[in-house]
Structures are given as C-alpha cells and as structure tokens.
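Right, one structure below, let's go through it.
The values are calculated or read from the model by the stated rules, or taken from the named source; none is laboratory data. What you see is a predicted model; the values in this text were computed from it and never measured. Every residue, glycine among them, receives a Cβ derived from its backbone with ideal geometry; neighbour counts consider all protein chains shown. The accessibility values were calculated without ligands, DNA or RNA, using every heavy atom of the protein model including side chains. Shrake-Rupley method; radii C 1.70, N 1.55, O 1.52, S 1.80 Å.
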Amino acid sequence: CQTMHPGSSCLVIPTEAARRALDNLGWRTAGKLIQHVLLLDPRDKLNEKMGDDTLSGPLGAVYSSLLKSMLWLRKNRGYSLERTEGFDESFDRFWRDFPKKGFRLADRSLTSLNWRYTAHPNQRFQVSRLIFDSRLVGYIIFEINGRTCSVYDLLARSPKHLAQMLAMFVQQIMEESLASIRITLNDAHPYRRALLWMGFIGRQDHTVFQ
C-alpha cells in the first residue's frame, strides 16, 4: 500500500489471524468496530428469555408505545424524511458544502455514492434523505433483510440535524414492522453518542481496523 501510495495511510478490517500477522509487521490497531442495535419489536427476544408468549405480547406493546412516544417528542416541525433508491445532484451540493473540519471522511460525492451503492451488483440499497428549508441536510443509506434494517452510511450537516434524522428514521422503520435497526461504527465515532441517546445499545465486538 505504501509502495503504491507513498505518504498515505492504509486501512484494513482483518480477521484475527491477519490481525496478528499485521501486528508482527508493525501495523497499529486504530480502533474497534462496534455494532449498535436498536430493538424495535422485542417480542421474539422476550419469548427466547421467558419461554412464554402470553407475556411477551403485552410487554412488547408497552415497549413499542414508549419508544413511539419518545420519538414523537423529538420530532420538530419543518423537516421531512424522503425515501428514495438513488442519488441526485443535491447529494453533490450537500457534500461540497458539508463542514468537514474535525471529521475523517471518505469521498461522498455523487460519483462515489453511485459507484458504491447504486451500481452494487448484489445488494439493493435504499436512501432516506432529510430535507429542511428545501435543502438536503442529511441522509441514511440502508438495506432491509427480513425484519432487520442494516444502516451502511449516515451523514448529517449538524448534531441537531442528526438527532432529528435518527428520530424520524426510526419512526419510519417502525411503521414497516421490523424487529431491529443495526449500525456499525468505530469506538471513537462522533455519532455514537447520538445513537446511544436514541436508545441504541453498543455490542462489544472483537472486530478491529488497522
């Protein structure tokens, strides 16, 4: 990597065997990847723990009602969350104007997003974009498999926009009767606090990046 791109840093997410080999070559472990999970419908999990669906139904209904109430309280006027399956020029403008100071970000221009997601040969990604004052101020890229929503990328113009986007996105996904939302971030990611505040639980993992 250094031979091909001198002066640049390289990033890999290795298996455990590869991690040990890279350690021996002087590679540094930069951090851990942590999966954050928000349970939307706890009935299956409650059935596993309790072995009795007569209680899991009512308890699950109470949990869902409390979550919906929390999301409603965090919803502000003037925002809309639009579902699409692709990208347009507004994503280029958003990326060009995004305040990048303090972030380490890969390219998220329209060309890059189309290459990474729209042109993917095996997966079909969806996009929820946050609109405020007729402008794109954030987006979430995700995939739905079974009753699980997996988020692959999210970016918001400010912490305020991020909190609003997460609340509206969770509300949107709950309407589709899914069981959970999963987002993987590194252990130092600036969005982790917003996820934990929204009710996501960080699951410890042994996956690292070097």
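Name every residue in segment 75-96 that is open to solvent by 60 Å² or more (accessible area, probe 1.4 Å) and touching a residue at least 40 places away in the same chain (Cβ under 8 Å), in order of residue number.
Lys75, Asn76, Glu82, Arg83, Glu85, Arg93
Would a scan of segment 134-149 turn up a residue that is within 15 Å of Thr84 (Cβ to Cβ) and open to solvent by 40 Å² or more (accessible area, probe 1.4 Å)?
The answer is yes; a qualifying residue exists.
What are the pairs, 6+ residues apart or on separate chains, where a residue within segment 163-174 that is under 12 Å from Arg129 (Cα atoms) and open to solvent by less than 10 Å² (accessible area, probe 1.4 Å) has its Cβ under 6 Å from a residue that is part of a helix (DSSP H, G or I) and not polar (S, T, N, Q)?
Short answer, once both residue conditions are applied: Leu166/Met198.
Condition first: closer than 18 Å to Ser150 by Cβ, crowded, with 16+ Cβ neighbours inside 10 Å and either without any contact (Cβ under 8 Å) to a residue 40 or more places away in the chain or in contact with a Leu (Cβ under 6 Å, 6 or more places away or on another chain) (or both). Now tell me which residues in segment 97-125 satisfy that.
Of everything in segment 97-125, those that are closer than 18 Å to Ser150 by Cβ, crowded, with 16+ Cβ neighbours inside 10 Å and either without any contact (Cβ under 8 Å) to a residue 40 or more places away in the chain or in contact with a Leu (Cβ under 6 Å, 6 or more places away or on another chain) (or both) turn out to be Leu113, Arg116, Tyr117.
Please list, ordered by first then second residue, the pairs with beta carbon atoms under 7 Å, 6 or more apart or interchain, first in segment 189-209 and within 19 Å of Met165 (Cβ to Cβ), second of a type outside the set (A, V, I, L, M) and at pLDDT 90 or above.
Ala194/Pro159; Leu195/His36; Phe200/His36
So how many residues does segment 58-113 have that are under 18 Å from the mean Cα position of the chain (by Cα) and among the charged types (D, E, K, R)?
Matching residues across segment 58-113 total 6.
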